[in-house]
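**Q** Could you have a look at this structure, given as structure tokens, before my questions?
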Amino acid sequence: MQILSIHLKNIKSHRETVLIFSPGINVLSGPNGVGKSTIFEAIGYTLFGVDAQSFVGNVDRFVTIGAKRGEIVVVFQLADEERYRVSRTVGTPSKWLLAKEIGGDFEVEEHKDSKETESRLKELLGLKSARSLAEQFELVIGPFQNEFLGPFVIKQPSKRRDKFDEILGIDTWRKTFNETKVLASAIKSKVDALESAIGPLKDQVAELPPKKDEHKAARQNLEQTEVELKAQQTKLLELQALLVDVNKRELGFKALEIEIGTLKERIDNGKEKICHQKLMVSEANKAHIIIDETTSGKQAFELAETRLTELRHQVKVQRQLEQEEADLNNQVGRLSERFKIESKAVEKAREELTAEENTLAESRKALALDEKLHQLAERLPEIRTTIDRMRKQLGQLEGRRAALEEGSEKLAEGVCPFFQEPCLNIAEKPPGDVFSDKFSELEKLRQQLTYDIDKTEQEEKAASRANDRLKEVEVKLKVLDAQVERLLERRTANEVKAESLTALQKEQTSVQQQLAEKQKVLATYNRLQADIEAAEKDKTKHQEARDLYVANSQQAAELEQRRTDLLNFEKLFKQLQDELTVKNDAYSKAGKEYSAAEHAALRKQKDELGVEVGASGEKVKGLTAAVTRLATEIEKLKQIEKDIAAKQGQVKSYKEKDELVKFLRNRVFRNVSGYLSERFREEISHRANRIYRIIAEVDEEMAWGEDYRIVLRDMVDGELRERFDDQLSGGQTMSAVVALRLALLQTIGARIAFFDEPTSNLDASRRENLAHAFRAIDVGKEEVTEHWYDQLFLISHDVAFTEVTDQILTLE
């Protein structure tokens with residue numbers, strides 16, 4: 001198995017890192033902090049499923065600062081040259097994917113969860129231990145730098161023993177021995193509990209024989225009572241059948257009695273109803289005569305009422321016309337007044353507008369300015385530019401004067417300030433004669449320029465005043481223009497208003513014409529009140545005839561129906577009299593067939609027998625419940641017997657298990673861990689001793705002793721000397737630990753291994769020997785050990801590995 005490459009993206013200090021590995025020994029080199037250990041951590045995280053929190057306290061710290069997610073991709077190859085790619089992301093959500101190379105492309109294998117992915121990687125890496133891949137990596141294959149010495153330097157023997165038992169996978173036997181102690185206690189507790197429960201159950205079962213006798217007596221009593229009840233029920237049924245017939249005769253007799261009473265009552269009511277109907281027929285005849293006499297008066301009343309309705313409608317029309325006439329009169333008045341007022345307002349507005357226009361014209365004339373003032377204001381920018389230019393010239397003159405003064409001071413001694421030697425320019429005359437003419441010339445130029453500046457500034461002030469005046473006039477002219485525009489708008493609005501007066505006159509004429517037409521129509525309604533009075537007089541004349549007609553019209557209309565109802569009533573009365581005769585005959589016959597005394601005697605006999613049947617039934621129910629209860633209690637007691645037998649069987653079984661647990665704990669579990677530990681230590685010591693001799697180059701034997709202590713044995717003055725791990729130097733301890741680590745890796749069958757700074761605490765000679773030991777293992781020298789690994793990864797700054805390594809990867 002061989003790791004071909006790794007790709008880290010946003011993992012701690014690695015933003016984007018790709019490394020290609022070779023078979024054999026690969027050494028990662030570089031300064032501290034470049035992320036060498038991170039490469040090992042990334043392989044452990046991706047290929048072995050180690051939790052990122054094992055490297056850093058917070059998973060977020062495993063990701064590069066500023067990034068939200070990281071990813072690691074490892075490509076590895078098996079012995080049969082099949083290639084796989086495993087990738088795992090850091091962040092939420094985390095993905096762990098395994099892909100196989102098929103036809104040059106990697107196809108992801110379908111796994112239901114991370115456990116299935118880990119199981120598949122275990123199979124491919126050949127690490128089929130019961131321990132997880134992460135535990136195998138952290139404990140043996142790739143322990144972290146700060147845990148390299150790890151359990152080898154634990155002082156307490158029991159803790160060191162437990163740790164190495166865990167690494168070798170034999171701690172299960174010791175744990176089983178300790179845990180089965182609890183199992184033995186649990187078995188004893190279970191036996192005690194069962195035996196305690198059996199005692200009360202036996203006390204309950206002692207009541208079973210008396211319960212069986214009681215149950216037998218109750219069943220016999222129940223059978224006898226059921227026979228008696230059956231005989232009583234048969235006799236009761238016979239009485240009930242006889243009573244049914246007698247009840248029917250009683251019901252028929254009483255029904256006839258009720259029907260006869262009902263017929264007599266209906267006959268009495270019929271007599272009263274016939275008399276009342278004859279009275280109603282007489283009243284309807286009288287009403288019919290009155291209708292004949294008042295029909296003409298009723299018709300005259302209706303004609304007068306119709307005429308009054310028409311006339312009252314005309315009154316409403318008249319009032320509506322009068323209201324419209326009044327409205328038109330008011331409208332004519334309002335229009336006349338409005339025309340008068342608006343005409344005066346239009347004329348007055350014309351006069352005011354003319355006066356305001358004259359005032360604005362005079363104001364505009366007063367704002368007219370002289371042409372010279374315009375020219376002076378236009379020169380203001382030019383004058384200001386001239387002043388700035390002359391002030392710059394004056395500043396330049398002041399600078400020249402300052403430079404001459406400085407030169408005059410430095411040349412006062414006659415020495416050149418640059419070459420530090422006598423100045424030839426002033427060798428024949430003093431320095432003052434050189435600068436006096438220049439100072440005089442500069443002073444004349446300064447005075448002339450100052451005079452010109454003062455004069456120009458006076459012109460600038462006059463031009464500025466002229467410019468301010470122009471701006472003031474411009475603002476006032478804009479105000480006048482705005483006022484003129486508003487006057488034009490007002491004049492236009494006034495003229496529009498004047499034109500609207502013509503339309504107002506037309507509207508006034510139209511309303512006056514409508515008023516004349518309304519007055520003509522109203523003249524036709526002058527006799528309306530007289531017509532209403534005549535119609536009301538005619539209506540009052542025929543009012544009495546109309547009221548009599550209305551009061552008797554309904555009775556007159558019902559005359560024929562009342563006569564028909566009277567004939568029907570008389571016919572029905574005759575039928576009731578005939579039916580009463582028939583019912584009286586039937587009643588006499590039924591009275592002879594029915595005896596009330598015999599009926600009462602039968603009822604009394606039936607009630608007494610019913611009470612006896614009820615009492616017997618209750619007795620049967622009580623006996624049945626007692627039999628059922630006793631049967632249930634007997635079944636429960638039988639079940640308790642079975643439970644006692646079952647619990648006794650459980651007690652026997654638990655006692656047998658207790659004997660088995662004691663045998664296993666005392667004969668098996670107690671000794672297996674020690675036996676396996678001795679075998680592993682013997683095998684690993686044999687391999688590690690050969691590696692240690694190569695690394696240390698001393699005539700010492702290294703062994704892994706009791707409680708996994710490192711032991712070095714040699715001969716001193718002819719006697720055997722043993723030194724334990726707490727008596728060894730740092731270099732000796734490190735050499736022994738490296739040798740044991742290599743032997744452990746071979747024992748668990750790992751084909752790759754990782755060593756982070758394995759040469760710590762070793763002197764130069766031992767570091768070189770360790771490097772040659774790794775190479776000797778790689779090539780399979782027999783004096784060291786057989787070739788058992790495919791790749792070895794080391795982090796080291798030691799030059800000793802440069803001669804033996806297959807590849808050095810330098811990180812920067």
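**Q** So how strong a dipole does the chain carry about its Cα centre when Lys and Arg Cβ are +1 and Asp and Glu Cβ are -1, to the nearest 20 debye? Display every interim value, and only then the final one.
**A** Values: 128 positive and 145 negative charges, 668 e Å.
I would put it at about 3200 debye.
**Q** Rank-order 499-506, 29-36, 705-712 by packing density, defined as the average count of other C-beta atoms within 10 Å over each peptide's residues, highest first.
**A** Numbers: 499-506: 10.9, 29-36: 14.5, 705-712: 18.5.
So the order, starting with the most tightly packed, is 705-712, 29-36, 499-506.
**Q** How much of residue 451 can a 1.4 Å solvent probe reach, expressed as accessible area in Å² and rounded to 10?
**A** My reading of the accessible area for residue 451 is about 140 Å².
**Q** Past 27 Å, Cα to Cα, is the threshold; run 248/621; 211/621; 216/638; 211/652 against it and keep the listed order. Could you put the intermediate results ahead of the total?
**A** On the way: 248/621 35 Å; 211/621 20 Å; 216/638 17 Å; 211/652 31 Å.
248/621; 211/652, as the Cα separations exceed 27 Å there.
**Q** Taking N as the number of residues in segment 505-614, what is its alpha-carbon radius of gyration divided by 2.2 N^0.38 Å? Display every interim value, and only then the final one.
**A** On the way: Rg = 43.6 Å, N = 110, 2.2 N^0.38 = 13.1 Å.
The value comes to 3.32.
**Q** On to the next question. Quick check on segment 112-205: take the gyration tensor over C-alpha atoms, sort the square-rooted eigenvalues as a ≥ b ≥ c, and tell me if it's rounded (a/c under 1.5), prolate or oblate. Don't skip to the end; give the middle numbers.
**A** Numbers: a/c = 5.20, a/b = 2.05, b/c = 2.53.
Oblate, since a/c reaches 1.5 and b/c is not below a/b.
**Q** List the lysines whose alpha-carbon lies under 18 Å from that of residue 68, not counting same-chain residues fewer than 8 positions away?
**A** Cα-Cα hits under 18 Å: 9, 12, 95.
**Q** Then there's this: Given the alpha-carbon gyration tensor of segment 168-239, what are the semi-axes of its equivalent ellipsoid in whole angstrom, ordered largest first, with each equal to the square root of 5 times an eigenvalue?
**A** 66, 17, 6
**Q** With only Lys, Arg, Asp and Glu charged, each at its Cβ (+1 for the first two, -1 for the last two), find how big the charge dipole of segment 57-124 is about the Cα centre; round to the nearest 20 debye. List each step's numbers first, then the result.
**A** Details: 12 positive and 14 negative charges, 104 e Å.
Dipole magnitude for segment 57-124 comes out near 500 debye.
**Q** So for segment 550-592, Kirkwood radius off the Cα pairs, Stokes-Einstein at 10 °C and 1.306 mPa s: how many µm² s⁻¹? Mind dumping the intermediate values first?
**A** Working: Rh = 13.3 Å.
My calculation gives 120 µm²/s for D.
**Q** Just want to confirm a number: the relative contact order over segment 78-215, from Cα pairs under 8 angstrom separated by 6+ residues, in percent. All intermediate terms of the calculation are to be shown ahead of the outcome.
**A** Details: 67 pairs, mean separation 13.5, N = 138.
Once divided by the residue count of segment 78-215, the mean separation gives 10 percent.
**Q** Sorting 657, 163 by accessible area (1.4 Å probe), largest first, what list results? Intermediate results must be reported in sequence, preceding the final value.
**A** Numbers: 657 100, 163 70 Å².
These residues rank, largest area first, as 657, 163.
**Q** Continuing with the same structure: How are the Cα pair distances of the chain distributed, in percent, across 20 Å bins from 0?
**A** Percent of pairs per bin, in order: 8, 14, 8, 9, 14, 18, 18, 8, 2, 0.
**Q** For the chain, what relative contact order do you get, as a whole percent, if you take Cα pairs closer than 8 Å and at least 6 residues apart? Please list the in-between numbers first.
**A** Values: 860 pairs, mean separation 212.4, N = 812.
Rounded, it is 26 percent for the chain.
**Q** Here's something else I'd like to know. Which percent of the accessible heavy-atom area of the chain goes to carbon and sulfur, probe 1.4 angstrom? List each step's numbers first, then the result.
**A** Working: 25100 of 49630 Å².
Summing carbon and sulfur atoms, their accessible area is 51 percent of the total for the chain.
**Q** Rank these by accessible area, largest first, 1.4 Å probe: 280, 1, 715. Display every interim value, and only then the final one.
**A** Values: 280 50, 1 25, 715 125 Å².
Listed by decreasing accessible area, they come as 715, 280, 1.
**Q** At 1.4 Å probe size, with no ligands or nucleic acids counted, give the accessible surface of residue 389 in Å², nearest ten.
**A** We get 120 Å² for residue 389.
**Q** Among the aspartates and glutamates, which have Cα under 15 Å from the Cα of residue 461 when same-chain residues fewer than 8 positions away are ignored?
**A** Within the straight-line cut-off, residue 461 pairs with 378, 382, 388, 452.
**Q** Please list the non-local residues whose amide H lies under 5 Å from the amide H of residue 795, H modeled 1.01 Å from N, same-chain partners needing a gap of 5 or more.
**A** Amide H neighbours of residue 795, under 5 Å, 5+ apart: 28, 755, 756, 757.
**Q** Quote the accessible area belonging to residue 253 in square angstrom, nearest 10, computed with a 1.4 Å probe and with ligands, DNA and RNA left uncounted.
**A** Counting only protein heavy atoms, the figure is 40 Å².
**Q** Can you return the lysines within cross-link range of residue 273? Criterion is Cα-Cα under 30 Å, with same-chain partners fewer than 8 residues away left out.
**A** Reachable lysines: 254, 264, 286, 571, 574, 583.
**Q** Sticking with this one: With every protein chain present, what is the per residue accessible area of segment 1-151 (1.4 Å probe, Å²)?
**A** Working: 7170 Å² over 151 residues.
Solvent-accessible surface per residue comes out at 47 Å².
The values are calculated or read from the model by the stated rules, or taken from the named source; none is laboratory data. The shown structure was predicted, so the numbers you read here are calculated from the model rather than taken from an experiment. Cβ sites come from the backbone with ideal geometry, for glycine too, and all protein chains shown count toward neighbours. To get the accessible areas, we keep the full protein, side chains included, count just its heavy atoms, and leave off ligands, DNA and RNA. Shrake-Rupley method; radii C 1.70, N 1.55, O 1.52, S 1.80 Å.
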